[in-house]
1. Determine the dipole magnitude for region 14-189: charges of +1 sit on the beta-carbon of Lys and Arg, -1 on that of Asp and Glu, nothing else is charged, the reference point is the Cα centre, and the result goes in debye to the nearest 20.
2. Could you work out the Rg to Rh ratio of region 14-189, with Rh taken as the Kirkwood radius (inverse of the mean 1/r over all Cα pairs)?
3. Once every DSSP H run of n ≥ 4 in the chain is given -39500 (n - 2.57) and the sum is divided by its residues, what mean residue ellipticity at 222 nm do you get, rounded to the nearest 500 deg cm²/dmol?
4. Enumerate the calculated ³J(HN,Hα) couplings along region 169-180 in order (Karplus 6.51 cos²θ - 1.76 cosθ + 1.60, θ = phi - 60°), each rounded to whole Hz, writing x wherever the residue is Gly or Pro.
5. Below 8 Å, C-alpha to C-alpha, sequence gap of six or more: please give me the relative contact order for region 14-189 in percent.
6. Between K41 and D95, what is the label-to-label distance in nm when each label sits 7 Å out along the Cα-to-Cβ direction?
7. Under 19 Å from a label point 7 Å along Cα→Cβ of R8: give me every residue in region 160-190 with its amide N that close.
8. What is the gain in length, in nm to one decimal, between R182 and D70 on full extension, counting 0.36 nm per residue of separation less the C-alpha to C-alpha distance?
Amino acid sequence: MPGVHGKRAEPGNALILTSGLGTGILQAAVEEGRLDAGACKDAIPSLTSHDSRLDQLLSRHNVIEAVGVDSSGLAGIALKIADANEVSLAFEESDLPLLPDVLEMVRGGTVTEKGECNRSIVGPQVNIAEEVGSEMVEVFFDPQLPGGLLVVAPDGDAMPLLASLHELGYADAAIVGRVIARGKFAIELV
């Protein structure tokens, strides 16, 4: 399946996430009374302010694919991209941007039913390294509503794109992994 410019993701391409992860967990923490609704709203302003400026920015860069991270979580969207392009996606745990308080909420027991559902569906296609913390695993499968974009771009274009995202106000945007040759698993979390 070709991406936005008729190109396919291929090994060596960079993976960029435009915003921090954890919206589902934070919303669940508000519902549980563990987090103030105002704090949750303050944590995710860039996610609710998506406008045409981001679309214009992406059209000016060499973007192969840009897909919204939704209720299927980062893992679910990654699986769709990997399967459509017959590649695997490798994510670096330490590079995944997180919204404030997310790990604290997970450590306190806040998880989402949808996250568990995502793990049951997508989990068999994900290889998680032993050293990845259980909290980060929860975040990886957490539904993102609202969520940012997972962008695939040639490696040489990733840093200029990231700089442009930061200039536009996407402070949490980060290079979070790479496209690799299709392996036994569609997704690697290391």
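Throughout, read-outs are computed from the coordinates displayed, never taken from laboratory work. Since the structure is predicted, the reported quantities are computational estimates derived from the model, not experimental observations. Neighbour counts run over all protein chains shown; Cβ positions are idealised from the backbone, glycine included.
1. Using only the charged Cβ atoms, the result is roughly 380 debye.
2. Taking Rg over the Kirkwood Rh, I get 0.95.
3. -12000 deg cm²/dmol
4. x, 8, 4, 8, 4, 7, 7, 10, x, 9, 7, 10
5. 49 percent
6. The answer from the label model is 3.5 nm.
7. 178-187
8. Going from the current span to full extension adds 38.0 nm.
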